[in-house]
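Structure record follows, encoded as C-alpha cells.
The values are calculated or read from the model by the stated rules, or taken from the named source; none is laboratory data. Note that the structure is predicted; figures quoted are calculated from it, not measured. With ideal geometry, Cβ positions are generated from the backbone for all residues, glycine too; neighbour counts draw on all protein chains shown. The area values use the complete protein model at the heavy-atom level, side chains included, leaving out ligands, DNA and RNA. Shrake-Rupley method; radii C 1.70, N 1.55, O 1.52, S 1.80 Å.
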Amino acid sequence: MAESMQGLHRTCRCAEVAAEPAGSQVTLMGWVARARNKGGIVFVDLRDRSGIVQLVFEDGSIDHEGFEKAGRLRSEFVIAVVGTVEKRLGAVNPGLVTGEIEIRVGQLRILSESQVPPFPVEENSRTKDEIRLKYRYLDLRRPDLQRNLMMKSRVAMLTRQFFAGEGFLEIETPMLGKSTPEGARDYLVPSRIHPGSFYGLPQSPQLYKQLLMCSGYDRYIQITRCFRDEDLRADRQPEFTQIDMELSFVDVDDVIDVNERFLAYLFKEVLDVEVPLPIQRITWQEAMDRFGSDKPDMRFGMELCDVSDLVRDCGFAVFTGALEKDGSVRGINAQGQGGMPRKKIDKLVEFARGYGAKGLAYIAIGADGARKSSFGKFMKEEEMDALVSALDGKPGDLLLFAADKTKLVCDVLGALRLELAKQMGLLDKNEYRFVWVTEFPLLEWSEEENRYTAMHHPFTMLMEEDLPLLDTDPGKVRAKAYDIVLNGNEIGGGSVRIHQNEIQEKMFEMLGFTKESAYEQFGFLLDAFKYGVPPHAGLAYGLDRLVMLMAKTDSIRDVIAFPKVKDASCLMTQSPGKVSPEQLEELGLALAAENAEE
C-alpha cells in the first residue's frame with residue numbers, strides 16, 4: 001500500500017549527495033532503478049533526474065518491518081528514504097558521480113508501487129521506437145533523455161540571458177493568425193464565431209516581428225512554437241520551437257556579428273567548446289560548386305570537382321550528352337576506397353538513383369596504380385589521365401562521376417559525399433564546424449507552377465547591385481539571405497527584409513501577385529509600411545535541431561518531450577483523433593467521407 005510523505009522533506013537530489021560529507025543525514029526521493037536482495041542485505045539504485053545513488057538496507061540499521069519492505073522493492077517503485085552518507089565499503093563505481101559513497105537507510109516509505117514496465121528504463125534503450133513512444137512517460141525517465149531535455153532547458157535560459165544583455169526585448173506574438181501562402185502548408189484552425197473562416201497556426205512569427213520593427217521595438221527575441229504541415233524526417237517535426245529574432249537599422253554583418261557571439265557563448269557555457277570567431281563564410285554558389293549542398297558539412301573534404309571542360313569532346317556519350325543539354329559533369333574522390341567491392345559500388349549507384357541520377361561512372365585505382373573503370377573503353381588514355389589528375393587521384397582512391405543537369409548533379413554528389421563519409425567514419429560528433437552560407441538566389445523556378453517562387457519568403461531583400469537583373473535575368477538575382485550551418489545541418493537562417501515600397505511591389509509582381517492579391521494576403525503589413533518602416537533584418541534558429549546536435553543524438557525526437565511520429569500522430573495520446581458531431585456542428589463543418597457514405 002502506498003504511503004504518505006507527510007513529515008518528510010527531500011534534502012537534496014540523488015547525485016547531489018556526492019557533495020555531502022560522510023556521516024550526514026539525508027532524505028532522498030525517487031524511483032527504484034534496480035534492486036538486489038542478497039539475503040541479509042538489500043542494495044537499491046535510487047534514480048531521479050540528477051542521477052543515481054546506491055542505497056543499503058541492512059537488518060539492524062533499519063527496523064525489521066522496513067527491511068521486509070525493502071525486500072519487496074522492484075523497478076520503478078517510488079520511494080522516500082532517510083539515511084546516512086557513508087564511504088562505500090565495496091568496489092567504487094567510477095561511472096557514477098556518487099560512485100564513492102552509499103546511503104545506509106534508516107527509514108523507508110513506499111510512496112507508489114509500479115507494475116512491471118513494458119521495457120527496461122535504461123540508457124541507450126534498444127526497445128523499438130513505437131513501444132517507447134507509446135509509453136513516453138516511462139521513456140522520459142531514461143537518464144540520456146533527461147540529460148537532453150535539461151540541456152535544452154539550459155540552452156533556452158542562456159539564450160534569454162544573452163539576448164537580454166544585447167538589448168533585445170522578449171515579446172510574444174499570436175498563435176492564431178492568418179493563413180498565408182509562399183511557405184510550407186499551414187495547420188488550419190476553424191473559427192466557431194466566424195463560420196467558414198480559419199486561423200492559420202504560425203509557421204514562424206515572420207510578419208508579426210516585422211510589424212514590431214515598424215512599431216519601434218528595435219530588437220525583438222522570442223522562443224516560440226511554430227507549426228508546419230509537412231512530411232517528417234529525423235530532424236523535422238510538425239510542431240517545433242524556434243529562437244526568433246529581428247533587429248532594426250542593421251545589415252547582414254550586424255546580424256551575423258551578434259549571432260556569432262551568441263553561438264560562441266552558448267557552446268562555451270553548455271559544452272565547454274570554443275567556437276573560433278569569425279565563423280567562415282561562403283556564398284551559396286560556392287557551397288553548391290564545392291559541396292553539392294547549401295548546408296555543407298565542413299568536417300571533411302571530398303569536394304566536388306567540375307570536369308566538364310575535360311570531357312567535352314570525349315567519346316563517352318553520357319558525358320557529352322549532358323553537356324549538350326547545358327548540364328555538367330562533376331566528380332568526387334573517395335580517398336582510400338579504390339578497393340571497394342563491385343557490389344558496394346553497385347549499392348552506391350542505387351543510392352545515387354534514389355536522388356534522380358541515371359547512374360554513376362567510376363574509376364577505381366588499385367594500390368598498385370592499376371585502374372578499373374566503368375567507362376574507360378570510351379575514353380582516350382590522356383583523357384583518363386586528365387580526369388584522375390583533376391580529382392587528385394592516388395593509388396587506392398575511388399573516383400565517382402555524375403553527368404546531368406547541374407542542379408541534379410550537385411544534389412546527387414552532395415548526398416553521395418555524405419553517404420561515403422558515414423561509411424568511411426569521417427563524421428565526428430565531437431567536432432563542431434560552423435559555416436555561414438550567404439547570397440542565396442532570391443528566386444527559384446517552379447516547374448509545377450510555371451513561375452518564380454521566393455527561395456525564402458516574399459520580404460527578402462536582394463543585393464542592391466542585382467536590382468537591374470530583376471527585369472532581365474531574375475534567376476541570377478542574389479538575396480541578402482544567410483543560413484548558419486553546423487555539421488551539415490542548417491540550424492538557423494534569415495535575411496535582410498525589403499523596406500522600400502517600390503522594391504516590395506516589384507517582388508510581388510515577380511512572384512505572380514497582383515496588387516489586389518498581395519493586399520488580400522499581406523495588406524496589414526503593407527499598410528504598416530506606409531507609416532515609416534526602418535531597415536530591418538532577422539534570423540531564426542530551430543532550437544530542437546540545435547540541441548539535437550549539441551546532445552550528439554541522431555533524432556530530433558530525442559530532445560522533444562512528447563514528439564510525433566512520421567505520420568504526424570502521437571502514439572501515446574492517439575492524436576489526432578475524431579471529434580463529436582456536436583463539435584463539428586458548432587464549427588459549421590461536415591466530413592466529406594461521412595457524407596459520401598451516407
Applying the selection to region 169-184, what residues are open to solvent by less than 40 Å² (accessible area, probe 1.4 Å) and free of Cβ contacts under 8 Å to residues at least 24 places away in the same chain? none
Checking Leu398, Leu348 in turn, the sole residue that is touching a strand residue (DSSP E or B) at 6+ places or on another chain (Cβ under 6 Å) and modelled with pLDDT of 95 or more turns out to be Leu398
Going by the conditions given, is Phe459 buried (at least 17 other Cβ atoms within 10 Å of the Cβ) and either closer than 27 Å to Thr553 by Cα or touching a Ser or Thr at 6+ places or on another chain (Cβ under 7 Å) (or both)? no
From the option list Arg132, Arg126, Arg88, single residue qualifying as charged (D, E, K, R) and modelled with pLDDT of 95 or more is Arg132
Output yes when any residue across region 578-588 is loosely packed, with under 11 Cβ neighbours inside 10 Å, polar (S, T, N, Q) and over 20 Å from Arg142 (Cα atoms), and no when none is. yes
Conditions first: (1) closer than 21 Å to Glu113 by Cα; (2) touching a Gly at 6+ places or on another chain (Cβ under 8 Å). Arg36 passes all but one, so which condition is the exception? (2)
Quick one: how many residues across region 52-109 are open to solvent by 40 Å² or more (accessible area, probe 1.4 Å) and on the phi > 0 side of the Ramachandran plot? 1
Within region 21-42, restricting attention to residues that are without any contact (Cβ under 8 Å) to a residue 40 or more places away in the chain and in a strand (DSSP E or B), which residue is farthest from the chain's Cα centre (by Cα)? Ile41
Which is open to solvent by 20 Å² or more (accessible area, probe 1.4 Å), modelled with pLDDT of 95 or more and either under 20 Å from the mean Cα position of the chain (by Cα) or closer than 12 Å to Gly488 by Cβ (or both), of Glu439, Glu431? Glu431
Of the residues in region 321-370 that are assigned to a strand (DSSP E or B) and polar (S, T, N, Q), the one that is surrounded by the fewest Cβ atoms within 10 Å (Cβ to Cβ) is Ser328
Mind listing whichever residues of region 541-553 are open to solvent by 20 Å² or more (accessible area, probe 1.4 Å) and either in a strand (DSSP E or B) or in contact with a helix residue (DSSP H, G or I) (Cβ under 8 Å, 6 or more places away or on another chain) (or both)? Gly542, Arg545, Ala551, Thr553
Scanning region 509-531 for residues that are at pLDDT 90 or above and either in a strand (DSSP E or B) or of a type in the set (Lys, Arg) (or both) gives Lys530
Looking at Gly354, Gly321, Gly338, Gly331 in this structure, which one is among the small types (Gly, Ala, Ser), under 17 Å from Asp411 (Cα atoms) and in contact with a strand residue (DSSP E or B) (Cβ under 9 Å, 6 or more places away or on another chain)? Gly331
Taking region 415-424 and keeping residues in contact (Cβ under 8 Å) with a residue 12 or more places away in the chain, assigned to a helix (DSSP H, G or I) and surrounded by fewer than 24 Cβ atoms within 10 Å (Cβ to Cβ) leaves Ala415, Leu418, Glu419, Leu420, Ala421
Arg160 versus (1) open to solvent by less than 40 Å² (accessible area, probe 1.4 Å); (2) outside any loop (DSSP other than H, G, I, E, B); (3) under 30 Å from His536 (Cα atoms): which is the lone unmet condition? (1)
Regarding region 185-204, can at least one residue be identified that is closer than 30 Å to Gly30 by Cα, without any contact (Cβ under 8 Å) to a residue 40 or more places away in the chain and not in a loop (DSSP other than H, G, I, E, B)? no
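Table: residues versus (1) on the phi < 0 side of the Ramachandran plot; (2) β-branched (Val, Ile, Thr); (3) open to solvent by less than 20 Å² (accessible area, probe 1.4 Å); (4) in a loop (DSSP other than H, G, I, E, B).
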| residue | (1), (2), (3), (4) |
| --- | --- |
| Ile484 | yes, yes, yes, no |
| Val496 | yes, yes, yes, no |
| Glu502 | yes, no, no, no |
| Met507 | yes, no, yes, no |
